Amino acid sequence: MAEVKVKVQPPDADPVEIENRIIELCHQFPHGITDQVIQNEMPHIEAQQRAVAINRLLSMGQLDLLRSNTGLLYRIKDSQNAGKMKGSDNQEKLVYQIIEDAGNKGIWSRDIRYKSNLPLTEINKILKNLESKKLIKAVKSVAASKKKVYMLYNLQPDRSVTGGAWYSDQDFESEFVEVLNQQCFKFLQTKAETARESKQNPMIQRNSSFASSHEVWKYICELGISKVELSMEDIETILNTLIYDGKVEMTIIAAKEGTVGSVDGHMKLYRAVNPILPPAGLVRAPCGLCPVFDDCHEGGEISPSNCIYMTEWLEF
C-alpha cells in the first residue's frame, strides 16, 4: 500500500502577536527595520500575514515608512509627532519625516524633492502648510545668502547653518571678534606680567603665565561684553587667531578626569609671548599668503596696482 504524505500547514499566528512583535523589533532598532529583519525574526509567518500586520500598524499611525538606500524602512513613530501630524496626508507626512531626519543642520528644498520624488510645486505647498502649523521653520544659511534650509520648529540650528557667535543676520561681526581678540590677549598679558612680578625662578614664572581656555572663557563671560552665549570652543577659536598672529603660544598637558577645562584627559594652556625680533616689513607683505599669487600681474584682472591688501600694507 502506497504511503500518503500529508502536508501540515502551520497554525495561523495571532495578528495581534505579529503586530506586537514588529513593535518590539522597532524598539530594538530605533533607526528602523527592513522587511528582511522581520522575516528573519519571524520565519514561520507568511509574507501576506506580515504585510497585513505592517499595513495595519501604518494605518493606525504607530509606524513611519521611510526610504533608504537599502529599500523601505519601518520605524516606530514618536507619540508626540504622531499627534502633531494627525489629519495630514501621506505626502505631507513623508516631507515631515525627511525634514525630521535632517536634524538641526536642515535640508534644502531641492534635496527634499530628490528624496520624496514629489513635484517642486507640491513640495512648496506642503512646506508652507507645515510652516503655518509651526511644525517646521525655514532658516537662512551663512553658506549661501539666498539658500534656506528647513528643520523642525523646535530645533536650534547647527553652527554650520547660523555661523555661530560670529554672525548676526548672516553678517560677520568683525568688530565683535576684534574686541574679543583684544580682551583675550589682554587677560593673558596681565597673567604674564603678574608672573614676572612674582620674582620667582624662571621656570615657575613661565608655568604661572599659562592660563587654560576655561579661565579665559570665564574672564570674558564676567566682562559681559557678549550679547550671545559663548562656549569654550568659541574662545579657543579666538585664541587660535592670536597664535596665528604670533602673540600667544599653546601647550597641552595631561589632566585628571573631571578637571575643569579638560577634554579626554588633556588640557590646553595658553600664554602671551613677545617676539624676540620684530618681523621685517617684507615678511608681512600679503603676497606670501595670497591664494591668487600666480594670477597676479600688472594689466591683468588681479594686479598689485588694484590690490587692496597691498594698499593697506603700504599704508601700514
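Assorted remarks:
- Residues of the stretch 299-316 with amide N under 16 Å of a point placed 7 Å along Cα→Cβ from Ala285: 303-316
- 3J(HN,Hα) along the stretch 109-115, derived from phi through the Karplus expression 6.51 cos²θ - 1.76 cosθ + 1.60 where θ = phi - 60°, amounts to 4, 5, 6, 4, 4, 5, 7 Hz, with x in place of Gly and Pro.
- In this structure, the pairs whose alpha-carbon distance is over 25 Å, taken from Lys191/Lys268; Lys105/Lys256; Lys148/Lys268; Lys105/Lys227, are Lys105/Lys256; Lys148/Lys268.
- Straight-distance crosslink candidates among aspartates and glutamates, where the alpha carbon sits under 18 Å from Lys186 and sequence neighbours closer than 8 are dropped: Glu175, Glu178, Glu197, Glu215, Glu222, Asp234, Glu236, Asp245, Glu249
- Computed from the C-beta positions of Trp313 and Glu249, the FRET efficiency with R₀ = 25 Å rounds to 0.50.
- Count Lys and Arg as plus one, Asp and Glu as minus one, and take only other residues whose Cβ is under 10 Å from that of Trp108; the net charge is then +3.
- Linear extension gain, Glu24 paired with Ile225, 0.36 nm per residue minus alpha-carbon span: 67.1 nm
- When +1 charges are put on Lys and Arg Cβ atoms and -1 charges on Asp and Glu Cβ atoms, the dipole computed for the stretch 124-274 relative to its Cα centre reaches about 600 debye.
- Within straight-line reach of Lys93, meaning a Cα separation under 18 Å, sit the following lysines at least 8 residues removed in sequence or on another chain: Lys77, Lys84, Lys115, Lys125, Lys128, Lys133, Lys134, Lys137.
- Residues in the stretch 227-257 reached by a label modelled at Asp264 [backbone nitrogen below 17 Å; 7 Å Cα→Cβ]: 233, 251-257
- Highest average packing first - 25-33, 298-306, 156-164, Cβ atoms within 10 Å: 156-164, 25-33, 298-306
- Ranked packing of 128-141, 177-190, most packed first, by mean Cβ within 10 Å: 177-190, 128-141
- Stretch gain in nm, segment Lys256-Gln39, where the contour uses 0.36 nm per residue and the Cα spacing is subtracted: 73.2 nm
- Percent RCO, i.e. relative contact order, over the stretch 159-228, from Cα pairs under 8 Å lying at least 6 residues apart: 26
Each reported figure results from applying straightforward, stated rules to the coordinates on display, with no laboratory input. Not measured: the values here are computed from a predicted model. Glycine also receives a Cβ, built like all others from the backbone with ideal geometry; neighbour counts cover every protein chain displayed.
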